[in-house]
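The values are calculated or read from the model by the stated rules, or taken from the named source; none is laboratory data. Predicted, not measured: the structure shown is a model, and the values here were computed from it. Don't worry about glycine lacking a Cβ; one is built from the backbone with ideal geometry, like all the others, and counts go over all protein chains shown.
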Amino acid sequence: MSEHPAVPLLEVADVATGFETLRGLVRAVDGVSFTLERGRTLGIVGESGSGKTVLSRSIMGLLPHHGVVRRGSIRFEGTEIGHASPKEMRRFWGDAMAMVFQDPMTSLNPVMKIGKQITEAIHTHLDVTRQFGNELALSLLESVRVPDPERRMGEYPHQLSGGLRQRICIAVALACGPQLLLADEPTTALDVTVQAQVLDVLAQQQRERFMAVILVTHDLGVVAGRADDVLVMYAGQVVEKAPTATLFGNMKMPYTEALLRSIPKLSEPSHTRLAAIPGRPPDLVAPPPGCRFAPRCPYAQDKCREEMPPLVAAEAPGHEYRCWFPVGSTPVSIGPSSGGVA
Amino acid sequence: MPEQPETALDAITRDAADHATPADAGTVDFAAVTSGPETARRRRRGLRVGTWVAGAWMVFVIGGAILAPWLPLDDPQNSVTDLARKGPFAKAGTAPGHLLGGDLNGRDMLSRLLWGGRTTLVIATVAVLIGFVIGGLLGLLAGYFRGRTDTILAGLFDVFLSVPAVILALALVTILRTQPSASGRSSAGLDPEVALIIALGIVSIPVLGRITRASTMSWSEREFVVAARAQGARHLRVLFREVLPNVLPAMLSIALLGIAIAIVAEGTLSILGASVQADQPTWGNMIASGRQVIAIAPHVVFEPALMIFFTVLALNFLGDAIRARFDVREGAL
């Protein structure tokens, strides 16, 4: 990794991914750019359908073969992989970049023993003896804090709990020492108590391996303590991008604010109504002409509905947002839909 | 959805375990581990009786077929005039010393049934094996790669399935047994047994191919297949190590049914005169030749018919047992 000190690990520039359907082109990801350095964690936050999963699959090159329209550039250590075929991507999969999937129930092969699933991944890339592979698998299981790893090696996925399975998925993904790990909602399918354990394991492994992590989630709380930078996505676009502390300290985009507001807080008295974001995300075949969040935004003005706001830089370095009337600024007049929220 | 079957009680106990000691990861899987094997045992017990009887019957039939040359049986080709048309329920009277009587030419029925089973089972099993390997392979490729591969292969399956199986097999046997020579005159082609095996094999290819294709499609969409690819596994490895082991139970259960169908098909072809020569017994041609004397010696038809009936039934039972046995694993998912 010291070979190209100037080149960032991952550069994503104006990436767009669309799916051809009978109704037209669904623009799942629409012009996303970011840079990720080695050893850093990027959180990608957004609700269901905001394009965060399609973005992570675009980076991995794991999109379906047919009906996909791609644009933009993805550079991994300076190598363009934005339009690479699966055959070309195989060079990167596993030992350069790896992925942890959302549902540990379905991302392990139900008829293969745990040990075998990890050693298979090892033997795909490393030319090592069977015994060394087994020892490596054992130490991987230990490093992701699986209790009693010898016994687990001989068990099948259905004999394990969700949290353990997700840890095994992480062990499989780490097997060949990737430089970039994409975690696509790794804790969504897990209990809250197990969530923290799994995220801790991920963070620990990242520190030990100096690995870059892209943590995709719909939960701002997951990202808060663990990501260096946060990318907030809405309807396929980046709507706010900032270092984590800046984002939580001084958010500009009403969508980010609404997301944060919709996390229930223990400090609130009981029976406080949970703030939800009204409405639904826009249709990605024919998105509204203006700001895509405008129909659901409490601060929306006429300008918001007519003209798409560009991604502009805020005062803090690295902080960008996409809004005509950012949170904290004083708009000329408050629209009628603002009642009760602001 | 496969995640569903966890009962509310399991979830509650697991939750309780979590909250009691949230820091201790070892307790989390407590509910899953204790509930897994127990449900498996319960389901297996429910299947036991039928499966065991079916298994015992198949052991008996296969054992008899394998051991026929060494058993103290009469020569199946040896005609004894006194024995003709005599048997357990024949009007012509019984034949002492010959448990199941004799056929219309006075050949020992028991001996012919065991020797006939030998031929019938070999033909049916090898034919389905051909279908299993070729159909399974094509089905895997079609279901995994989709796209043009799938269009071509699935179309081919459909074309073959659209012709009635017996007519297709009959046509194939006829073609394979008569090989046109350069002069245009037909001469004897393949051995009748080999022709029959190939014909039934070709007929079973699309059946197994379709089932394998459908099952492959659903398993290939699972996340663990994507995960394996994201680990850099090659298509061939993903296909044979990740997808195939999951598809295999469905293939095996259909293959057992396929053997049953092939046994019946062999019988049908016998009656149409397209099976092996009449002096070499199969269950099918025993029925075919016994038709002439069904009124006076019904046992000549009924004995091989019962063999077919029980064998087909047993194979169906075993096929179901395989499917149910592997459903446990799916349910626990």
- Note on the structure: Exactly one of B:Leu313, B:Leu244 is of a type in the set (A, V, I, L, M, F, W, C), at pLDDT 90 or above, surrounded by fewer than 22 Cβ atoms within 10 Å (Cβ to Cβ) and over 23 Å from B:Gly143 (Cβ atoms), and that residue is B:Leu313
- Among the residues of segment B:130-150, write down those that are surrounded by fewer than 22 Cβ atoms within 10 Å (Cβ to Cβ) and in contact with a Gly (Cβ under 6 Å, 6 or more places away or on another chain). B:Ile130
- Task: Could you list, in sequence order, all residues of segment A:95-111 that are closer than 23 Å to B:Val247 by Cβ and at the interface with another protein chain (Cβ under 7 Å from one of its Cβ atoms)?
- Result: A:Phe101, A:Asp103, A:Met105, A:Thr106, A:Ser107, A:Leu108, A:Asn109, A:Pro110, A:Val111
- Query: So which residues in segment B:282-297 are surrounded by 24 or more Cβ atoms within 10 Å (Cβ to Cβ) and β-branched (Val, Ile, Thr), if there are any at all?
  - Reply: B:Thr282
- Message: Please go through segment A:260-314 and give me each residue that is exposed (fewer than 11 other Cβ atoms within 10 Å of the Cβ) and polar (S, T, N, Q), ordered by number.
- Response: A:Ser267, A:Ser270, A:Thr272
- Item | Residue selected from segment A:70-113 under the condition free of Cβ contacts under 8 Å to residues at least 12 places away in the same chain and surrounded by 17 or more Cβ atoms within 10 Å (Cβ to Cβ), by the criterion farthest from B:Val226 (Cα to Cα) | A:Arg90
- Item | Filter result for the condition that a residue is surrounded by fewer than 23 Cβ atoms within 10 Å (Cβ to Cβ) and in contact (Cβ under 8 Å) with a residue 60 or more places away in the chain, over B:Glu193, B:Glu266, B:Glu221 | B:Glu193
- Query: Right, B:Val300: in contact (Cβ under 8 Å) with a residue 60 or more places away in the chain, within 14 Å of another protein chain (Cβ to nearest Cβ) and either among the charged types (D, E, K, R) or crowded, with 22+ Cβ neighbours inside 10 Å (or both) or not?
  - Reply: no
- Task: Can you tell me which residue among A:Gly177, A:Gly162 is small (Gly, Ala, Ser) and more than 10 Å from chain B (Cβ to nearest Cβ)?
- Result: A:Gly177
- Item | Test set (1) more than 27 Å from A:Asp219 (Cβ to Cβ); (2) at pLDDT 85 or above; (3) assigned to a loop (DSSP other than H, G, I, E, B); (4) within 13 Å of another protein chain (Cβ to nearest Cβ) - A:His65 fails condition number | (2)
- Does A:Phe101 qualify as being within 22 Å of A:Ala203 (Cα to Cα) and in the same structural domain as A:Ser58 (by TED's automatic domain parsing)? yes
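Inspect all residues belonging to segment B:106-122 and state whether any of them is part of a helix (DSSP H, G or I) and more than 30 Å from B:Ile296 (Cβ to Cβ).
Yes, there is a match, as at least one residue in segment B:106-122 is part of a helix (DSSP H, G or I) and more than 30 Å from B:Ile296 (Cβ to Cβ).
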- Criterion (at the interface with chain B (Cβ under 8 Å from one of its Cβ atoms) and either closer than 18 Å to B:Ala228 by Cα or among the charged types (D, E, K, R) (or both)) met by exactly one of A:Arg152, A:Arg145: A:Arg145
- Query: Quick one: is A:Val29 out of contact with any Asp or Glu (no Cβ under 8 Å at 6 or more places or on another chain), closer than 27 Å to A:Leu220 by Cβ, assigned to a strand (DSSP E or B) and touching a residue at least 12 places away in the same chain (Cβ under 8 Å)?
  - Reply: yes
- Here the residues within segment A:7-48 that are more than 24 Å from A:Phe210 (Cα to Cα) and surrounded by fewer than 17 Cβ atoms within 10 Å (Cβ to Cβ) are A:Asp14, A:Glu20, A:Thr21, A:Leu22, A:Arg23, A:Gly24, A:Leu25, A:Gly31, A:Ser48
